[in-house]
Amino acid sequence: MKVIPPLITRWDNLARKKPYLYYMSGAYKLLPHYTYKDWLLWEGKWELIDGIPYAMSPAPVPKHQRVAAELRYEFSAALKKSNCVKCRAYDPIDYKINEDTILIPDILIVCGEIQKPYLDFPPALVVEILSPSTALKDRNTKFQLYEQEKVKYYLIVDTDTSTVEIYQLVNDKYEPQTFSNSALFELQEDCSVTVQLANILS
């Protein structure tokens, strides 16, 4: 049976989990710590970050969906034209970093075979398309996680301002990259693709 994770579990449930202790409104409170096994039972789409569940936003607005579809197409077309036989572009799939962190990026490029029901190694590139409910998490928490996991490229797309921010991992830290109408991504030593980005957001 699918369940929805509560924000705070009952005390008897807390005994079976590793709780977080945090300070709020002048008092210390316990926040339950969830894992992949818990996540599998939940109804709806959830991301899990350091054991804390985050509900995915409702169905994306039409512009978000259009931009995601066109970006995915551009990446797929560029990969087919190249010699990147091991790299593929994916719509949202579960990216399991560890037992208490599972992310669901908007678009991924994965170089290698996915042998499990989820991705269990870092993708070469991730795209997150901002929405009002995810912007803070995408720009901060997920930025740090992708950097920590050594995802080579992180793209943040803002459909409200029609902008794309490209971050490349350099010496284990993300550095912003500039581009004009197109951008070059060196996904692997023998795999480089050029993707047209300017027209997608127009």
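Bear in mind these aren't lab numbers, they're just calculated from the coordinates by the rules spelled out. Just so you know, these numbers come straight off a predicted model, no measurement behind them. All Cβ positions, glycine included, derive from the backbone under ideal geometry; neighbour counts span all protein chains shown.
With 0.36 nm allotted per residue and the present C-alpha distance subtracted, the I93-S76 stretch has 4.5 nm of extension available. Annotation: amide H of K45 within the under-5 Å range of M56, sequence separation 5 or more or interchain, hydrogens built in the peptide plane.
With contacts taken as Cα pairs under 8 Å and at least 6 residues apart, the chain reaches a relative contact order of 15 percent. Annotation: amide H-H contacts under 5 Å for D106 (H modelled 1.01 Å from N, sequence separation of 5 or more, or interchain): V127, I129. Taking the DSSP bridge list for the chain and keeping only pairs wholly inside it, about 85 percent are antiparallel.
Counting other C-beta atoms within 10 Å, and keeping those with at most 11, which DSSP coil trypsin sites (Lys or Arg not before Pro) do you find in the range 121-154?
Details: sites: K137, R139, K142, K150, K152; in loops: K150, K152.
Qualifying residues, ordered by number: K150.
Neighbour counting of Cβ atoms within 10 Å sorts the residues E175, E165, fewest neighbours leading, into E175, E165. Annotation: amide H of H33 within the under-5 Å range of K18, Y20, sequence separation 5 or more or interchain, hydrogens built in the peptide plane. Model label points for K173 and D50, set 7 angstrom from Cα along the Cα-to-Cβ axis, are 2.1 nm apart.
Which aspartates and glutamates have a Cα lying under 12 Å from the Cα of K137, excluding residues fewer than 8 positions away in the same chain? Within reach: E47, E128. With the charge dipole of the range 66-202 set up from +1 on Lys and Arg Cβ and -1 on Asp and Glu Cβ about the Cα centre, the Cα lying farthest toward the positive end among the listed residues T178, I200, Q168 is that of I200.
Counted by neighbouring Cβ atoms within 10 Å, the residues S162, S202 run from fewest to most as S202, S162. Computed from backbone phi with θ = phi - 60° and the Karplus coefficients 6.51, -1.76 and 1.60, the 3J(HN,Hα) list for the range 178-187 is 9, 7, 9, 7, 9, 9, 9, 10, 9, 6 Hz; x is used for glycine and proline. Any of K86/K173; K37/K86; K45/K81 with alpha carbons more than 27 Å apart? Name them for me. Long pairs (Cα-Cα over 27 Å): K37/K86; K45/K81. Of the residues S76, S180, the one with the fewest other Cβ atoms within 10 Å heads the list, and the complete ranking is S180, S76. Over the chain, dividing the summed -39,500 (n - 2.57) contributions of all DSSP H runs of at least 4 residues by the number of residues returns a 222 nm mean residue ellipticity of -5500 deg cm²/dmol.
Would the range 41-98 count as rounded, prolate or oblate if I go by the C-alpha gyration tensor, calling it rounded below 1.5 in a/c and otherwise prolate when a/b exceeds b/c, oblate otherwise? Before the final figure, lay out each step's value.
Details: a/c = 3.79, a/b = 1.58, b/c = 2.40.
Note, shape of the range 41-98 comes out oblate.
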